[in-house]
1. Which of the residues belonging to the stretch 407-466 are among the aromatic types (F, W, Y) and assigned to a strand (DSSP E or B)?
2. Just checking, which of R426, R472 is among the charged types (D, E, K, R), modelled with pLDDT of 95 or more and surrounded by fewer than 20 Cβ atoms within 10 Å (Cβ to Cβ)?
3. If D350 passes every condition in (1) acidic (D, E); (2) buried (at least 24 other Cβ atoms within 10 Å of the Cβ); (3) more than 30 Å from Q365 (Cα to Cα) but one, which one does it miss?
4. Name the residue that is surrounded by the most Cβ atoms within 10 Å (Cβ to Cβ), counting only residues in the stretch 211-221 that are not in a helix (DSSP H, G or I) and not polar (S, T, N, Q).
5. Find all pairs meeting these conditions: Cβ atoms under 6 angstrom apart; at least six residues apart or on different chains; first residue within the stretch 362-377 and among the aliphatic types (A, V, I, L, M); second residue in a loop (DSSP other than H, G, I, E, B) and crowded, with 22+ Cβ neighbours inside 10 Å.
6. In the set V39, V35, which member is of a type in the set (V, I, T), buried (at least 17 other Cβ atoms within 10 Å of the Cβ) and over 13 Å from K112 (Cβ atoms)?
7. Does the stretch 56-68 contain at least one residue that is of a type in the set (S, T, Y) and crowded, with 20+ Cβ neighbours inside 10 Å?
8. (1) surrounded by fewer than 19 Cβ atoms within 10 Å (Cβ to Cβ); (2) in contact with a Gly (Cβ under 9 Å, 6 or more places away or on another chain); (3) in a helix (DSSP H, G or I): which one isn't true of P177, the others all being true?
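The values are calculated or read from the model by the stated rules, or taken from the named source; none is laboratory data. Treat the numbers as computed from the prediction; the structure is a model and nothing was measured. Glycine also receives a Cβ, built like all others from the backbone with ideal geometry; neighbour counts cover every protein chain displayed.
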Amino acid sequence: MAGQAARPRPAHPQRTPSRYEIPDRLRLLSTSRRVVDRVYTLALLFQLEGDPRYATRAWEELAAAAAFPDWNPRHFLDTAEMTHAFAIGYDWLYHHWTPDQRDELRRAMVEKGLKPALEVHRRSSGWHRVRHNWNQVCNGGIGMGALALADVEPALAAEFLAGAIPSIHLAMREYGPDGAWAEGPGYWRYATQYNVVFLAALETALGTDFGLGETPGFREAGLFPIHLTGPLGRTFNYADGGDGTIRSPELFWLAQRFSAPAYADYQARVASPQALDLVWFPPAPLPGAGSPLPLDRYFRGAEVVTLRSAWDQREAVFVGFKGGDNQANHSNLDLGTFVLDALGERWVVDLGADDYNLPGYFGKQRWTYYRLRAEGHNTLVLNPGAEPDQAPTAKAAVTRFSSTPHQASAVVDLTAAYAGHATSVRRGVALRERDSPAAHVVVQDEMESAEPVDLWWFLHTPAEVELGSDARVATLERGGKRLRALLLEPPQARFTVREAGPLPNSPQPDRQNPNTGIRKLAIHLPDTTRLRLAVHLQPVLSGAVSPAPALPIEPAQPLRDW
């Protein structure tokens, strides 16, 4: 408008270099990841198009981060990811930089990345010794920096790599024997991302990965996100994870390294392309591309099972079911939990992680938060109260797994999870008649105890729930579709519908996620010493209007006969 000064336009967030920001007073991680993403994208575009504006913008990002007071080594993931960004910027744009620019990048990597990391290696402490994602991210991110600078900082690079190679091998052994990851599919992606970039960098820089790629289970690692993903693209998100689609360019690298076309087939379907998708995309279809995988998979070690009726149908039935180890990093008290997809909906959900910044989330208060307790999962609770509602040290093994064209099932021994309350607890999950319109799922528990226990059975759902007249049938409705739950045994059991929140005598800490939009189908059986509890879950096909479940319903069979 005439006579008024023009208002300055706010800076576009993509045009503004990242700043030193620690909003939760702990993590610089979002900034480090932003720098990684921007540098990869800009450096790749410069390589493809040669436009110097891409390199100029990358320099603005790197120069800003080089001037940070540190890269937050107290939360070392932040340091490792920033070093990764600088390694790519230094290496992919090397011939564009002036000697002074290279020296500035080198100094930042050495002082803010390699030297702090070497202190950890020299003490043989922290992430150097762990067997979870911190190991791969820290060794991988700093390792990229060491390889980028090996010709100008040979002593520092050699010392770091000499420690990193045996250290990362500790974590890589956790892929064994079948490629699974105890921290869940989301953290599989994070760990594998840095594991693969480090191995790829070792091979391109030194011509060898020193045998790391032959670690048992690593060859099969690409199977894990594929099998853990249901027909809706949602994962079985046990532990501290969300259920979003796993998009991992590293699957292209793994596909070529291990001649595993299924990995590339999967990633090609789900990718929202990143720089490394283009770098690692197979130049030609791999032999065997398009061959179907088995419908069911049991991942030993992680003790996770997935069952499905089909791979290529959005309305297929999918079940994820787990035993596992409550002591694994990021674990919840979720032994025996399951999720269920059918008719293009997820009917039985895992609520995922709560806010990592809640007091004591990774400390003494961890088992007070609903989403981390057994009562916040689709499993059993015995004698609920203030104490952890599964033993935090418990492990639960899959004791039986069966897969045929007609049906599949698995049984998990949960006895250790309820030590002190019961002498035996087992859960079985079966997908029956999967090759017919009558496909359905059975969840069956068997429990014995010396003294009466107060037993609860829980199922979390985003669906509306309507109970039948005798409360032995519950109809779940979502998006105009229905799934019916029928109590097969015991005859005295009844469904109830509850809020997705703690029982009255459970811990009630503040600031928990309210789980809005989630209901909990529950069964309560007090004063129980011995029971078989069987629930039949059947998708209701379009056009079926009868409130009664489809007949015949087979009687529950003992788990020993499954």
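1. The initial filter retains those residues of the stretch 407-466 that are among the aromatic types (F, W, Y), namely 418, 456-458.
Scanning the stretch 407-466 gives W456, W457, F458.
2. Details: R426 fails: surrounded by fewer than 20 Cβ atoms within 10 Å (Cβ to Cβ).
Going through R426, R472 in turn, the sole match is R472.
3. All conditions are met except number (3).
4. First pass over the stretch 211-221, keeping only residues not in a helix (DSSP H, G or I): 211, 215-221.
Now drop any that are not not polar (S, T, N, Q), which leaves 211, 216-221.
Details: G211: 9, P216: 13, G217: 20, F218: 23, R219: 17, E220: 18, A221: 28.
Top of the filtered list is A221.
5. If the second residue must be in a loop (DSSP other than H, G, I, E, B) and crowded, with 22+ Cβ neighbours inside 10 Å, the pairs left are L372/N332; A374/L333; A374/D389; A374/Q390.
6. Numbers: V35 fails: over 13 Å from K112 (Cβ atoms).
Just one listed residue meets the conditions, V39.
7. Step one: filter the stretch 56-68 for residues of a type in the set (S, T, Y), giving 56.
Then drop every residue that is not crowded, with 20+ Cβ neighbours inside 10 Å, which leaves none.
No, the conditions are met nowhere in the stretch 56-68.
8. Among (1) surrounded by fewer than 19 Cβ atoms within 10 Å (Cβ to Cβ); (2) in contact with a Gly (Cβ under 9 Å, 6 or more places away or on another chain); (3) in a helix (DSSP H, G or I), P177 violates only (3).
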